[in-house]
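See below for the structure under consideration.
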Amino acid sequence: MYDNKNILITGGTGSFGHTFVPMTLAKYNPRRLVIYSRDEMKQWEMAKLYANDSRVRFFIGDVRDKDRLSRALDGIDYVVHAAATKIVPTAEYNPFECVKTNVIGAMNLIDACIDRGVKRVVALSTDKASSPANLYGATKLTSDKLFIAGNSYSGSHGTRFSVVRYGNVMGSRGSVIPFFLSIKSKGTLPITDARMTRFMITLEQGVELVWHAFEDMVGGEIYVKKIPSMKVADVALACVPDAKHEIIGIRPGEKLHEQMIGTEDVHYTYQYSDHFKILPAIHNWCSDPYRIKDGIKVTEEFTYCSDNNSEWMSIASLQTWIAQNRENIGKI
């Protein structure tokens, strides 16, 4: 699908970009794969990894800057939108900045992609966009709605937009696994709440979900990967088995459990072998057979939350994963 095509990823120097780029280069042969981000140091470090690959290009820019986006999107066929302000406490204490990146940035990208004739756009979302309880989640829900509506907004231009949604990315920079490992020498790990649960997904699974969305999308779908859950206390046990646990309480804006599909979405949600798909409610697209394909509609009582999940990751399984990926945990 991407052979000889031009791909751009916003926020491409982040955890997702560091996995998407090598996986996409290995499986496909794009003409150009453009890393668009605002941090020159991260770009400089990443560029050293691809010094001998002329397909990988780097473009300094911010999604807040519509003119710069337009320039970067010249000749681009596919866009992955990974740029975001995403740390929950940071968003709570810097709300204007969060809105500028996550909402205004999404609007800028939608406009620029339509104007530049980009074929397809997949935006990364988060479990926190489902029934949001914090500013980050609220801005990502708004962003999701903007990308869905972008399919009618684009009119005859033909640009199509979809969204992928997933939860806690195992081992990514700033996430709980590298945090626990970094303080294991203290002998005590802080646990927000003993009941807290989280979804568990690898970056590789996230990349594969984006690939699937590009291949499957008609426009306006939200793709949700089926992934296991785990108690945060068990994550701590897997990371540092002999550490004590100190309950510190939930941080501002934090949820006890993650939710990726809420009751408000069940009327438009279909189930597939390894993922769910929330279809757009606008324009009766939720009843479009080209979007439904072979999906089975979920029941009226369905929700997809980390505490009511049918699939759970064991402590032993996570320990095996940590042992296999220790060198890269927290580095990207």
Computed on Cα atoms, the radius of gyration and Dmax of segment 1-49 in angstrom are 10.6, 32
Expressed in Å to one decimal, the Kirkwood Rh of segment 213-300 from all distinct alpha-carbon pairs is 15.8 Å
Ordering 39-50, 256-267, 132-143 by per-residue average of other C-beta atoms within 10 angstrom, highest first, gives 132-143, 256-267, 39-50
Links exceeding 24 Å between C-alpha atoms in this model, out of Lys119/Lys293; Lys66/Lys255; Lys66/Lys140; Lys66/Lys293; Lys140/Lys225; Lys119/Lys226, come to Lys66/Lys255; Lys66/Lys293; Lys119/Lys226
Cβ density ranking, 10 Å radius, fewest first, applied to Ser172, Ser287, Ser152 yields Ser287, Ser152, Ser172
Checked segment 47-173 with the C-alpha gyration tensor, a ≥ b ≥ c its square-rooted eigenvalues, rounded below a/c of 1.5, otherwise prolate if a/b is larger than b/c and oblate if not; verdict oblate
Trypsin sites (Lys or Arg not before Pro) in segment 251-332 lying in a DSSP loop, each with at most 16 other Cβ atoms within 10 Å of its Cβ, come to Lys293, Lys331
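If I stretch the segment between Glu301 and Tyr272 completely, what's the gain in nm (0.36 nm per residue apart, minus their alpha carbon distance), one decimal?
Length difference between fully extended and current span is 8.7 nm.
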The Cα extents of the chain along the principal axes, largest first and rounded to whole Å, are 59, 51, 38
The rounded separation in angstrom of the Cα centers of segment 6-38 and segment 193-244 is 21 Å
So, relative contact order of the chain in percent, Cα under 8 Å, 6 or more apart, is 16 percent
Packing-ranked peptide list from 310-317, 123-130, highest mean Cβ count within 10 angstrom first, is 123-130, 310-317
Per the rule of 0.36 nm per residue minus the C-alpha distance, extending Arg64 to Asp3 adds in nm 19.0 nm
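Which whole-number percent is the relative contact order of segment 32-143 (Cα, under 8 Å, 6+ apart)?
Rounded, it is 26 percent for segment 32-143.
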For the chain, the dipole about the Cα centre with charges only on Cβ (Lys and Arg +1, Asp and Glu -1), to the nearest 20 debye, works out at 720 debye
CD proxy, 222 nm, the chain: helix-only mean residue ellipticity via -39,500 (n - 2.57) per DSSP H run with n ≥ 4, per residue, nearest 500, stands at -10000 deg cm²/dmol
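Coordinate-derived values only; no laboratory data. Nothing here was measured: the structure is a model prediction, and the numbers come from that model. When we count neighbours, we look across all protein chains shown, and the Cβ atoms used for this are built from the backbone with ideal geometry, even at glycine.
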